[in-house]
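Peer 1: Take this structure first; my questions come after.
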Amino acid sequence: MLLLLTIGFRILFRTGAFHAFYVYAFIIIFLNLKRARIIDKSLAFLGQHSMNIWMINSWFCYYLFKDFIYGFKYPLVILLVLMAVSILTSMIVNVLCRPIEKLITQKSSL
């Protein structure tokens, strides 16, 4: 209920003075909420891939697969397809980067 109240204040009071309070309150309240285990696992999974998703999705969305991504026409479907493609690409990037990271850490520890 408190989270909904802070969101309501954010909607009603659109001043810059309230933004910092809103962000801190939202984070503290969200971290104290009891969430389903699947939500925590999903957020942890997205957290592992968040940097790759951030770096990859603009390329897919605006340069490489623009016609494919926007060909779905509905915003929710576009978001889901873009996230699926970005996460899949992130997984591939991680698989390719792990051996390189191991080599670098082995060389630096010598």
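The values are calculated or read from the model by the stated rules, or taken from the named source; none is laboratory data. Keep in mind that what you see is a predicted model, and the values were worked out from it rather than measured. So basically every Cβ, Gly included, is an ideal-geometry build from the backbone, and we count neighbours across all protein chains shown.
Peer 1: Name the single residue, out of those in region 1-32 being out of contact with any Phe, Trp or Tyr (no Cβ under 9 Å at 6 or more places or on another chain) and among the polar types (S, T, N, Q), that is nearest to A44 (Cα to Cα).
Peer 2: Filtering region 1-32 for residues that are out of contact with any Phe, Trp or Tyr (no Cβ under 9 Å at 6 or more places or on another chain) and among the polar types (S, T, N, Q), the one nearest to A44 (Cα to Cα) comes out as N32.
Peer 1: Now, a different point. Considering each residue of region 23-75, count those that are at pLDDT 85 or above and among the acidic types (D, E), and give that number.
Peer 2: Residues flagged as at pLDDT 85 or above and among the acidic types (D, E) within region 23-75 amount to 1.
Peer 1: Check whether at least one residue in region 69-76 is over 28 Å from L4 (Cβ atoms) and either assigned to a helix (DSSP H, G or I) or among the aliphatic types (A, V, I, L, M) (or both), and report yes or no.
Peer 2: Applying the first criterion (over 28 Å from L4 (Cβ atoms)) to region 69-76 yields 69-73.
Now drop any that are not either assigned to a helix (DSSP H, G or I) or among the aliphatic types (A, V, I, L, M) (or both), which leaves 69-70.
Checked against the condition, which is being over 28 Å from L4 (Cβ atoms) and either assigned to a helix (DSSP H, G or I) or among the aliphatic types (A, V, I, L, M) (or both), region 69-76 yields at least one hit.
Peer 1: Kindly provide the set of residues from region 13-48 that are part of a helix (DSSP H, G or I), over 16 Å from L3 (Cβ atoms) and of a type in the set (V, I, T), ordered by number. Show your work before the answer.
Peer 2: The first filter runs over region 13-48 and keeps only residues part of a helix (DSSP H, G or I), leaving 16-32, 37-48.
If we keep only those that are over 16 Å from L3 (Cβ atoms) as well, we get 16-17, 19-20, 37-38, 40-42, 44-48.
Within region 13-48, just I38 meets the criteria.
Peer 1: Can you pull out the residues in region 1-21 that are within 20 Å of K34 (Cα to Cα), free of Cβ contacts under 8 Å to residues at least 24 places away in the same chain and surrounded by 11 or more Cβ atoms within 10 Å (Cβ to Cβ)? Reasoning before the result, please.
Peer 2: Initial filter on region 1-21 (within 20 Å of K34 (Cα to Cα)): 1-7.
This time we only want the ones that are free of Cβ contacts under 8 Å to residues at least 24 places away in the same chain, so: 1, 4-7.
Answer for region 1-21, where residues must be within 20 Å of K34 (Cα to Cα), free of Cβ contacts under 8 Å to residues at least 24 places away in the same chain and surrounded by 11 or more Cβ atoms within 10 Å (Cβ to Cβ): L5, T6, I7.
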